[in-house]
Amino acid sequence: MRYKVLLFDLDGTLTDPREGITRCVQHALARQGVDVPDLGQLECFIGPPLKQSFMEFYGMNSAAAERAVADYRERFGALGMFENKLYAGMVDLLIALKRSGRQLFVATSKPWFYARQIVTHFGLDEYFGRVYGSELDGTRTEKHALIAHILREEKLDVAQTLMIGDRKFDLIGARHNGVANAAVGYGYGSREELLAEAPDYFFDTLDELDRALRACRV
């Protein structure tokens with residue numbers, strides 16, 4: 001099926017944010033008296049809502065997690081958001097999709113305030129109709145709420161819309177709204193995590209995603 005509307009997750013799907021996110025989490029944890037020298041241990045923060053992650057992975061209560069989020073954003077806004085890399089081949093794919101007449105939107109749990117700056121920084125804004133994200137107060141951090149918001153705002157046809165992402169949250173959020181989903185294996189969700197959600201489509205590599213979209217198989 002050829003979907004006319006494509007919703008792209010940002011972190012782990014369009015760009016590789018590993019350095020920026022993990023260093024900012026490391027900074028926030030240090031402010032809480034927690035020393036984590038190995039950035040690899042903090043990759044679990046890439047994708048899920050930030051406050052929820054501090055609570056889940058480091059046992060913080062709500063107030064402590066909110067302080068950690070504030071400390072994270074202090075570094076992220078000044079430096080971390082640009083410690084990021086665009087996946088090789090992504091621009092060529094976006095150019096082809098735009099020329100094909102498809103509608104493209106960014107759908108990220110990251111606050112739109114940061115997401116739009118990142119998308120503009122990489123020169124991707126010309127390919128997307130709009131960049132959607134959560135609010136700084138935590139509204140729409142859950143992917144199902146974000147996707148529902150996009151569907152309403154853009155008056156999209158659910159049957160013609162596909163959500164593309166690298167974590168289970170993208171797949172669950174899409175399914176909750178009756179939207180088809182495609183999992184990508186080159187990001188930060190493990191193969192086991194993604195396949196456990198029985199995605200409508202699974203692409204191990206960006207090249208596989210590229211070929212499927214260009215050939216209109218999805």
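The values are calculated or read from the model by the stated rules, or taken from the named source; none is laboratory data. Being a predicted model, the structure only gives us computed values, none of them experimental. Neighbour counts are summed over all protein chains in view; Cβ atoms, including those assigned to glycine, are modelled from backbone coordinates with ideal geometry.
Some notes on this structure:
- Taken as a whole, the structure places Ala198 among residues that are in the same structural domain as Glu142 (by TED's automatic domain parsing), touching a Leu at 6+ places or on another chain (Cβ under 9 Å), farther than 16 Å from Leu6 by Cα and modelled with pLDDT of 95 or more.
- Check on Ala148, aliphatic (A, V, I, L, M), without any contact (Cβ under 8 Å) to a residue 60 or more places away in the chain and either surrounded by fewer than 18 Cβ atoms within 10 Å (Cβ to Cβ) or not assigned by TED's automatic domain parsing to the domain that holds Leu50 (or both): yes
- Residues that are modelled with pLDDT of 95 or more, small (Gly, Ala, Ser) and part of a loop (DSSP other than H, G, I, E, B), drawn from segment 130-184: Gly178
- The condition of being touching a helix residue (DSSP H, G or I) at 6+ places or on another chain (Cβ under 6 Å), farther than 13 Å from Leu7 by Cα and among the small types (Gly, Ala, Ser) holds for only one of Gly187, Gly178, Gly173, that being Gly178.
- When segment 11-38 is filtered for residues that are surrounded by fewer than 19 Cβ atoms within 10 Å (Cβ to Cβ) and over 22 Å from Ala115 (Cβ atoms), the ones remaining, listed by number, are Ala30, Arg31, Gln32, Gly33, Val34, Asp35, Val36, Pro37, Asp38.
- Sole residue being buried (at least 20 other Cβ atoms within 10 Å of the Cβ) and modelled with pLDDT under 95, chosen from Gly80, Gly47: Gly47
- Filtered residues of segment 185-205 (kept if closer than 21 Å to Ser109 by Cβ, of a type in the set (A, V, I, L, M) and outside any loop (DSSP other than H, G, I, E, B)): Leu194
- Lone unmet requirement of (1) part of a helix (DSSP H, G or I); (2) buried (at least 16 other Cβ atoms within 10 Å of the Cβ); (3) in contact (Cβ under 8 Å) with a residue 24 or more places away in the chain for Lys98: (2)
- The one condition in (1) closer than 22 Å to Val218 by Cα; (2) in contact with a helix residue (DSSP H, G or I) (Cβ under 7 Å, 6 or more places away or on another chain); (3) among the polar types (S, T, N, Q) that Ser134 fails to fulfil: (1)
- Residue in segment 170-183 that is over 28 Å from Val69 (Cβ atoms), surrounded by fewer than 19 Cβ atoms within 10 Å (Cβ to Cβ) and free of Cβ contacts under 8 Å to residues at least 24 places away in the same chain present: yes
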